[in-house]
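Heads up: the structure comes next, in structure tokens.
The values are calculated or read from the model by the stated rules, or taken from the named source; none is laboratory data. Computed from a predicted structure; not experimentally measured. Please note: Cβ atoms are built from the backbone with ideal geometry, for glycine as well, and neighbour counts cover all protein chains shown.
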Amino acid sequence: MTEGFDVAAELAAVAGRADAWRFVERFAAHWREPVRAGDGFGFEELTEAEHRLRSPLPTALWEAYALVGRRADLTSVQDCLLPLEHLQIDDGALVFRVENQGVAEWAVRREHLADDDPPVVFRRADGASDAWRPFLDRFSTACIEMVLSESLFAHQEPLSDNRPLAESEAVGEPPGFRRLALPEYPMWAVEGCVVRWFASPDALVREDAGAWLWAVGRTASALHSVRLSLPGDWLAEPS
């Protein structure tokens with residue numbers, strides 16, 4: 001376990017790809033299980049993917065798959081980081097992640113596949129909108145978002161909860177929490193709305209589109225503190 005890991009401070013210090021992978025490793029050690037050899041894909045597998053796609057893979061994508069590409073608890077609990085053999089180029093973009101019911105896709109545009117740390121785009125795949133739209137400016141940042149989001153769903157019910165936000169309710173910065181240094185990014189399910197993150201020493205909170213809260217704690221008492229800081233109709237709160 002990584003002692004003294006402060007999600008907000010560690011994320012604020014991320015300035016590039018190497019920092020992003022260091023954050024992922026330290027987060028995994030503190031919140032899940034340490035990253036170990038074999039948690040990612042090997043050189044030959046990644047090279048084969050490039051041959052199959054007839055395209056280079058962005059350096060950041062290569063590094064992410066090599067580090068945690070096989071760690072479903074960090075990449076594929078709710079939505080899914082595609083296995084290397086399922087990577088595909090569709091409508092001018094390399095699709096690497098899909099929503100759990102196939103309703104949304106995340107990708108890197110073909111023209112950025114030779115970039116080290118390219119921007120990520122997304123689209124609805126249910127007919128609502130088939131245009132690629134900006135998601136986050138760097139693939140490594142999108143990987144941090146993925147690891148945080150999947151970790152919300154990787155814990156059992158005693159450590160995680162969620163609830164709707166009242167129409168006039170504003171989250172702000174909850175007592176004991178800090179806003180995470182992730183840019184506001186689009187909530188794929190709600191047009192024109194964004195996602196925001198907050199962290200305390202032992203809990204994470206995600207606000208989706210000003211309409212829903214998700215929370216996870218490293219302990220039951222940490223989750224209880226979230227409910228006290230943000231009182232409301234938590235769906236899994238013991239009666």
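A few comments on the model shown:
Rundown of residues vs (1) assigned to a loop (DSSP other than H, G, I, E, B); (2) assigned by TED's automatic domain parsing to the domain that holds Ala18; (3) out of contact with any helix residue (DSSP H, G or I) (no Cβ under 9 Å at 6 or more places or on another chain); (4) at negative phi, yes/no style:
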{"residue": "Leu67", "(1), (2), (3), (4)": "no, yes, no, yes"}
{"residue": "Leu74", "(1), (2), (3), (4)": "no, yes, no, yes"}
{"residue": "Val77", "(1), (2), (3), (4)": "yes, yes, no, yes"}
{"residue": "Arg97", "(1), (2), (3), (4)": "no, yes, no, yes"}
{"residue": "Val108", "(1), (2), (3), (4)": "no, yes, no, yes"}
{"residue": "Ala131", "(1), (2), (3), (4)": "yes, yes, yes, yes"}
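- Residue that is surrounded by the most Cβ atoms within 10 Å (Cβ to Cβ), among those in the range 128-140 that are among the hydrophobic types (A, V, I, L, M, F, W, C) and under 17 Å from the mean Cα position of the chain (by Cα): Phe139
- When Ala125, Ala107 are checked against the criterion of being among the small types (Gly, Ala, Ser), in contact with a strand residue (DSSP E or B) (Cβ under 6 Å, 6 or more places away or on another chain), farther than 30 Å from Glu237 by Cβ and surrounded by fewer than 19 Cβ atoms within 10 Å (Cβ to Cβ), a single residue qualifies: Ala125.
- Looking across Glu25, Glu10, Glu3, Glu45, one residue alone is within 14 Å of Arg71 (Cα to Cα) and either assigned to a helix (DSSP H, G or I) or at pLDDT below 95 (or both). It is Glu25.
- Looking across the range 51-80, the residues that are surrounded by fewer than 16 Cβ atoms within 10 Å (Cβ to Cβ) and of a type in the set (D, E, K, R) come down to Arg52, Arg54.
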